[in-house]
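Q: Quick one: structure below, then a few questions.
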Amino acid sequence: MKVKVENLNKSFNGLIVLDGINFEVEEGSTAVVLGRSGIGKSVLLKCIVRLIEPDSGKVFIGDVNVLDLNEQQLNEMRKNIGFLFQSSALYDSMTVRENLAFPLKRHTDLSEKEIEENIKEMLALVGLLEAIDKMPSELSGGMKKRIGLARSLILKPKVMLYDEPTTGLDPVTSKEISKLILDMQKQFKMTSIVVTHDMVVASSVADNIFLLENGNFVFKGTPEEFMQSDLQIVKNFLSQKL
Ligand SMILES: Nc1ncnc2c1ncn2[C@@H]1O[C@H](COP(=O)(O)OP(=O)(O)OP(=O)(O)O)[C@@H](O)[C@H]1O
Ligand SMILES: [Mg+2]
């Protein structure tokens, strides 16, 4: 499914965070959104799935403007959309197995056996099969992140939104997560939007890079174009990050 955002606006008490955002992510491609802390990257992702209600604009997932949907239609639509939160947002009182079973029980009619197979498949993908019986409190930050990723991918969504998928992870694990994002895109033709500060991740997964500044994108282009850009604002961003 393609994602298309038209003239999206969001302010909080007079603070303009999104100021007429336009962008398009082709089906099966990966867009990376960069920008400094507090600029509105998480707000943008949340507006796309209406975890935050935008003030105005349009957000097409496939052919449907999600801002036109009622509560029930929105819930239906959200089955197609995976969201990896900046904080891993696992249920603390559930084991890893139960955390991963949750979306499957809620949204599918798979048998217990199929659920168990799906859980194991996803845990193997993120390299944490041995954590299946653990509680979130027994996991490191990086492990929680990977379990969160497994949970958000388990329904094989058509659109996947990643908010800082590698923050707090060591370079080796970050690389594995980047590989996983690429694998998901290839295997399931997922359309992905990745918010990250990590230029290594950005250059390895992005088909296109979008740099957010003062409510709007000041750069759109390929990773190569980004790295070679003459725009001062891009150079400033890169010099702080690299
Ligand atoms: N629910 C909310 N109510 C009021 N203000 C909010 C809310 N959510 C975000 N903001 C404000 O919107 C701005 C953008 O926040 P956002 O979380 O999108 O930043 P970010 O680019 O994701 O930063 P970071 O890289 O640190 O995660 C900030 O000024 C923040 O305080
Ligand atoms: Mg954020």
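Q: Check ASN70, ASN22, ASN9 and return the single one that is surrounded by fewer than 18 Cβ atoms within 10 Å (Cβ to Cβ) and either acidic (Asp, Glu) or within 16 Å of ligand 1 (Cβ to nearest atom) (or both). Break it down into steps so the answer makes sense when it comes.
A: Working: ASN70 fails: either acidic (Asp, Glu) or within 16 Å of ligand 1 (Cβ to nearest atom) (or both); ASN22 fails: either acidic (Asp, Glu) or within 16 Å of ligand 1 (Cβ to nearest atom) (or both).
Exactly one residue qualifies, and that residue is ASN9.
Q: Can you tell me how many residues in the stretch 82-100 are within 20 Å of the chain's Cα centre (by Cα) and either modelled with pLDDT of 95 or more or of a type outside the set (A, V, I, L, M, F, W, C) (or both)?
A: Looking only at the stretch 82-100, we keep the residues that are within 20 Å of the chain's Cα centre (by Cα), and these are 82-91, 99-100.
From what's left, either modelled with pLDDT of 95 or more or of a type outside the set (A, V, I, L, M, F, W, C) (or both): 82, 86-88, 91, 99-100.
Looking only at that region, the number is 7.
Q: Across the stretch 48-60, what is the number of residues that are in contact with a strand residue (DSSP E or B) (Cβ under 6 Å, 6 or more places away or on another chain), of a type outside the set (D, E, K, R) and surrounded by 15 or more Cβ atoms within 10 Å (Cβ to Cβ)?
A: Residues of the stretch 48-60 that are in contact with a strand residue (DSSP E or B) (Cβ under 6 Å, 6 or more places away or on another chain), as a first pass: 48-49, 54-60.
Within this subset, residues satisfying the condition of being of a type outside the set (D, E, K, R) are 48-49, 54, 56-57, 59-60.
Still in the running and surrounded by 15 or more Cβ atoms within 10 Å (Cβ to Cβ): 48-49, 54, 57, 59-60.
Looking only at that region, the number is 6.
Q: Anything in the stretch 25-36 that is surrounded by fewer than 16 Cβ atoms within 10 Å (Cβ to Cβ) and either hydroxyl-bearing (Ser, Thr, Tyr) or more than 16 Å from ligand 2 (Cβ to nearest atom) (or both)? List them, or say none. Outline the logic, then answer.
A: Taking the stretch 25-36 as the starting set, the residues that turn out to be surrounded by fewer than 16 Cβ atoms within 10 Å (Cβ to Cβ) are 26-27, 36.
Hits for the stretch 25-36 are GLU26, GLU27.
Q: Condition check: within 16 Å of ligand 2 (Cβ to nearest atom) and among the hydrophobic types (A, V, I, L, M, F, W, C). Does PHE60 satisfy that?
A: Working: within 16 Å of ligand 2 (Cβ to nearest atom): no; among the hydrophobic types (A, V, I, L, M, F, W, C): yes.
For PHE60, the condition - within 16 Å of ligand 2 (Cβ to nearest atom) and among the hydrophobic types (A, V, I, L, M, F, W, C) - is not met.
Q: So SER87 clears everything in (1) touching an Asp or Glu at 6+ places or on another chain (Cβ under 8 Å); (2) free of Cβ contacts under 8 Å to residues at least 40 places away in the same chain; (3) in a loop (DSSP other than H, G, I, E, B) except one condition, right? Which one?
A: Of (1) touching an Asp or Glu at 6+ places or on another chain (Cβ under 8 Å); (2) free of Cβ contacts under 8 Å to residues at least 40 places away in the same chain; (3) in a loop (DSSP other than H, G, I, E, B), only one is false for SER87: (1).
Q: A follow-up question, please. Going residue by residue through the stretch 191-201, is there one that turns out to be assigned to a helix (DSSP H, G or I), farther than 26 Å from LEU51 by Cα and either away from ligand 1 (no atom under 15 Å from the Cβ) or modelled with pLDDT of 95 or more (or both)?
A: At the first step, the residues of the stretch 191-201 found to be assigned to a helix (DSSP H, G or I) are 199-201.
If we keep only those that are farther than 26 Å from LEU51 by Cα as well, we get 199-200.
Remaining after also requiring either away from ligand 1 (no atom under 15 Å from the Cβ) or modelled with pLDDT of 95 or more (or both): 200.
Yes: one or more hits.
Q: Specify which of the listed residues (ILE39, ILE21, ILE16) is in a strand (DSSP E or B), out of contact with any Ser or Thr (no Cβ under 9 Å at 6 or more places or on another chain) and within 16 Å of ligand 2 (Cβ to nearest atom).
A: Working: ILE39 fails: in a strand (DSSP E or B); ILE16 fails: within 16 Å of ligand 2 (Cβ to nearest atom).
Only one candidate qualifies: ILE21.
Q: Also: How many residues does the stretch 95-115 hold that are assigned to a loop (DSSP other than H, G, I, E, B), in contact (Cβ under 8 Å) with a residue 40 or more places away in the chain and farther than 27 Å from VAL3 by Cβ?
A: Here is the first cut: in the stretch 95-115, the ones assigned to a loop (DSSP other than H, G, I, E, B) are 95, 108-111.
Retained after the next criterion (residues that are in contact (Cβ under 8 Å) with a residue 40 or more places away in the chain): 95, 108.
Checking the rest, the ones that are also farther than 27 Å from VAL3 by Cβ come to 95.
Counting residues in the stretch 95-115 that are assigned to a loop (DSSP other than H, G, I, E, B), in contact (Cβ under 8 Å) with a residue 40 or more places away in the chain and farther than 27 Å from VAL3 by Cβ gives 1.
Q: Every residue in the stretch 188-214 that is surrounded by fewer than 19 Cβ atoms within 10 Å (Cβ to Cβ), touching a residue at least 60 places away in the same chain (Cβ under 8 Å) and either within 16 Å of ligand 2 (Cβ to nearest atom) or more than 18 Å from GLU164 (Cα to Cα) (or both), please.
A: LYS189, HIS197, GLU213, ASN214
The values are calculated or read from the model by the stated rules, or taken from the named source; none is laboratory data. Since we're looking at a predicted model, the values are computed, not measured. Note that we place each Cβ from the backbone using ideal geometry, even for glycine, and neighbour counts take in every protein chain shown.
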